[in-house]
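Before any comments, here is the structure.
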Amino acid sequence: LIDLSGVPYMDSAALGCLLGLQVSCAREGRSYGLIGTPERLRSLFKVAGVDGILKTYGSVEAASTAVA
């Protein structure tokens, strides 16, 4: 689980890291979850067209259940 609640801004390099995480997890059969994603980052994910790719959850509990 990656808590993004304290991340006010994300540049393309950081977004690339999250996409790299997604690809790596998919390749290795592992799971991950992004939690606490601020509205600004959710908007970035949508504009970049990756909101359907990155796995975001509204709470630690929801992410823990999905990732388990």
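Only one of the listed residues (SER64, SER43, SER31) is at pLDDT 95 or above and not aliphatic (A, V, I, L, M). That residue is SER43. Criterion applied to SER5, SER64, SER24 was being small (Gly, Ala, Ser) and either assigned to a loop (DSSP other than H, G, I, E, B) or in contact with a strand residue (DSSP E or B) (Cβ under 8 Å, 6 or more places away or on another chain) (or both), and the one residue passing it is SER5. The C-beta contact set for segment 1-29 (first residue within 21 Å of THR65 (Cα to Cα), second residue hydrophobic (A, V, I, L, M, F, W, C) and part of a loop (DSSP other than H, G, I, E, B), distance under 7 angstrom, 6+ apart or interchain) comprises LEU18/LEU54; GLN22/ILE53; GLN22/LEU54. Here is the figure for segment 46-61: residues that are free of Cβ contacts under 8 Å to residues at least 24 places away in the same chain and either touching a strand residue (DSSP E or B) at 6+ places or on another chain (Cβ under 8 Å) or aromatic (Phe, Trp, Tyr) (or both) total 2. For GLY36, indicate whether it is out of contact with any His (no Cβ under 8 Å at 6 or more places or on another chain) and at positive phi. When the stated conditions are applied, GLY36 passes them. When restricted to residues that are open to solvent by less than 10 Å² (accessible area, probe 1.4 Å) and over 9 Å from the mean Cα position of the chain (by Cα), segment 32-44 contains 1.
The values are calculated or read from the model by the stated rules, or taken from the named source; none is laboratory data. Bear in mind that the values here come from a model prediction, so they are computed numbers and not experimental data. Cβ sites come from the backbone with ideal geometry, for glycine too, and all protein chains shown count toward neighbours. The protein model used for the area step is the full one, side chains on, heavy atoms only, and it has no ligands, DNA or RNA in it. Shrake-Rupley method; radii C 1.70, N 1.55, O 1.52, S 1.80 Å.
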